[in-house]
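Inspection log for the structure reproduced underneath, given as structure tokens.
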Amino acid sequence: MSTDHIYQLIAIVIYMVGMLVIGWYAYRRTKNLTDYMLGGRTLGPAVTALSAGAADMSGWLLMGLPGAVYVAGLVEAWIAIGLTIGAYLNWLFVAPRLRIYTQISNDSITIPSYLENRLKDSTRILRIASGIIILVYFTFYVSSGIVAGGVFFESSFGTSYHVGLLIVASVVIAYTLFGGFLAVSYTDFVQGTMMFLALLLVPIVGVFMTGGLAETAESIRAVDPTRLSLIQGATFLGVVSSLAWGLGYFGQPHIIVRFMAIKTVKETKEARRIGIGWMIFSLLGAIATALVGIAYFQQNPNLTLSDPEAIFIELGQIVFHPFIAGLMLAAILAAIMSTISSQLIVTSSALVEDLYKAVIKTDATDERYVFLGRIAVLIVSLVAIAFAWAKTNTILKLVSFAWAGFGASFGPVILLSLYWKKITNIGAIAGMVVGAVTVMVWGNVQVLTGTIYEIVPGFLLNLLVTVVVSLMTYKENPEITHEFDETVRLLQEERK
């Protein structure tokens with residue numbers, strides 16, 4: 001192993017140990033099921049904002065987006081624009097109401113339990129169906145993240161894929177299993193900070209190496225003038241599909257669960273500013289990294305970039321000391337691990353809170369449920385590792401439309417539950433099923449996939465079906481009306 005690799009490995013080890021220490025700290029603070037699944041609703045605005053951002057972005061922010069912009073130019077930035085708009089609207093319209101409503105509605109600590117309590121669904125069908133959707137999709141999502149971790153170690157340090165996979169899985173499982181939601185949120189905060197700093201430093205230092213802004217832009221134009229255009233090469237439906245990624249935010253359980261955990265509604269405003277600021281600068285940093293990379297390799301034709309998605313890694317190793325470059329690598333690992341841990345804790349809560357407690361009616365103690373939550377983390381992790389072991393393309397392909405699946409399944413139902421009194425449990429179940437099935441079919445039929453992103457038809461059909469079926473099955477329920485009005489009253493009171 002070279003000296004550079006040793007420095008980088010030291011940085012990675014320091015990062016890994018830091019995550020385990022945070023996990024131990026969170027373990028000491030976890031006393032009951034609400035603590036384990038929702039952090040006792042005690043998160044501050046900064047931790048809430050950065051943990052939501054880190055859980056959201058994953059390795060796409062540091063590898064996928066820079067790689068796409070490096071190859072095609074700014075036309076690939078429409079997804080980033082759509083995501084920023086969607087995230088802002090999510091913070092503005094969903095966060096405050098969901099924080100209050102989940103507490104008013106029987107102190108719900110998961111999305112499925114909230115939907116059941118909000119719609120007074122005594123059949124348990126809505127809660128169980130929601131839990132199954134989360135369990136299935138997130139098991140594959142977690143598996144994809146573990147695959148990314150294995151590939152990361154394989155490409156960065158020359159280890160075997162399986163050794164890298166086991167290293168990443170072991171550390172994430174350890175701090176998630178013991179520390180629960182608090183560990184996930186605190187580690188996400190640190191990981192989000194690392195990602196933010198890395199995405200600012202690499203392009204800023206890189207610009208000086210390419211001769212400043214004017215020289216950098218000139219070098220990019222020398223490669224291809226269209227790389228600096230948001231419009232050239234874009235189609236109307238292509239832009240709509242990219243912007244539609246923002247719709248997915250309303251239905252992502254691992255993101256909106258953060259809104260339920262913040263300490264007070266007033267703090268959602270500060271959290272929104274921090275979160276959107278983090279997101280804008282991080283996305284701009286990722287795009288700038290790609291553009292600086294185009295200029296750098298144009299100015300140094302003797303160098304070649306084998307994988308466009310490695311542009312952030314390559315630039316980091318070129319412009320910084322090996323130890324600092326190792327911290328840049330740790331930022332990529334942080335992006336991968338933050339998403340895995342967030343998905344693990346939501347999947348664990350779905351298994352224990354929404355399936356086990358719903359199907360097996362028991363009066364077990366909180367300690368017992370926390371223990372079961374930890375067992376659930378371990379079981380889901382082992383299944384995900386088993387899926388990831390063969391490094392099949394099937395898992396990664398499924399994850400490519402999982403965002404659309406969650407957005408189309410839960411998004412319209414969440415929005416209607418927060419803003420419309422007349423939504424019913426039957427309407428919500430029908431809409432969720434239609435949304436999920438539409439994404440599955442649309443995303444796997446080549447003729448349809450090539451037209452528009454599957455979240456658009458899935459989201460719209462879910463919305464339509466939920467409204468129509470709810471109007472057909474609506475009967476006034478005094479308890480639902482009281483909780484809705486009380487939520488609105490408390491929201492207005494909190495904002496004064």
Can you give the local net charge around GLU493? Use residues other than it whose beta-carbon is closer than 12 angstrom to its beta-carbon, Lys and Arg +1, Asp and Glu -1.
+2
Could you please report the charge total around LEU165, scoring K, R as +1 and D, E as -1 over all other residues with beta-carbon less than 15 angstrom from its beta-carbon?
0
Compute the FRET efficiency between PHE93 and ILE231 as 1/(1 + (r/R0)^6), taking r as their Cβ-Cβ distance and R0 = 35 Å, and round to the nearest 0.05.
0.75
Centre separation in Å (Cα based) which lies between segment 442-477 and segment 266-317
35 Å
Within segment 1-97, list the trypsin sites (Lys or Arg not before Pro) lying in a DSSP loop whose Cβ has at most 16 other Cβ atoms in a 10 Å radius.
LYS31
In whole angstrom, the spacing between the Cα centers of segment 345-383 and segment 1-76 equals 24 Å
Sort 297-308, 220-231 for me by packing, meaning the mean count of neighbouring Cβ atoms within 10 Å per residue, highest on top.
220-231, 297-308
Counting only protein heavy atoms and using a 1.4 Å probe, what share of the accessible area of the chain belongs to carbon plus sulfur, as a whole percent?
67 percent
Relative contact order of the chain, please, whole-number percent, based on alpha carbon pairs below 8 angstrom and at least 6 residues apart.
31 percent
Cut-off 11 Å, label point 7 angstrom out along Cα-to-Cβ of ALA390: give me the residues of segment 135-177 whose amide nitrogen falls inside.
none
Positive-end residue, the chain charge dipole about Cα centroid, Cβ charges, pick of PHE153, LEU372, VAL346
LEU372
So which DSSP H runs in the chain come out at 24 Å plus along the axis (Cα) with average Kyte-Doolittle of at least 0.0?
3-29, 125-157, 161-209, 266-299, 322-349, 366-389, 402-419, 425-444, 455-473
Using the heavy atoms of the protein chains alone and a 1.4 angstrom probe, what is the accessible area of the chain per residue in square angstrom?
39 Å²
Extension length gain for GLU270 and TRP420 (0.36 nm per residue less Cα distance), in nm, is 51.4 nm
The extension gain from LEU382 to HIS321, computed as 0.36 nm times the residue separation minus the Cα-Cα distance, is 18.3 nm
Excluding same-chain residues fewer than 8 positions from LYS31, which aspartates and glutamates have a Cα within less than 13 Å of its Cα?
ASP366, GLU367
Work from the charge dipole of the chain (Cβ charges, +1 for Lys and Arg, -1 for Asp and Glu, about the Cα centre) and give the residue of VAL190, ILE332, LEU415 farthest towards its positive end.
LEU415
Just subtract the alpha-carbon distance of TRP24 and HIS162 from 0.36 nm times their residue separation and send over the number in nm, one decimal.
47.1 nm
Where does each of 189-197, 448-456 land if you order them by average Cβ count within 10 Å, highest first?
189-197, 448-456
Quick one: if the Förster radius is 60 Å, what FRET efficiency do GLN299 and VAL447 give, using the C-beta to C-beta distance and rounding to 0.05?
0.85
Cα centroids of segment 161-217 and segment 247-265: how far apart, whole angstrom?
22 Å
Proximal lysines relative to LYS475, as straight alpha-carbon distance under 22 Å, when same-chain residues fewer than 8 apart are discounted
LYS120, LYS421, LYS422
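The values are calculated or read from the model by the stated rules, or taken from the named source; none is laboratory data. The structure presented is a predicted model; accordingly, all values stated were derived computationally and were not measured. Backbone-built Cβ (ideal geometry, glycine too); neighbour counts: all protein chains shown. When the accessible area is computed, the model is the full protein with side chains, heavy atoms only, and any ligands, DNA or RNA have been set aside. Shrake-Rupley method; radii C 1.70, N 1.55, O 1.52, S 1.80 Å.
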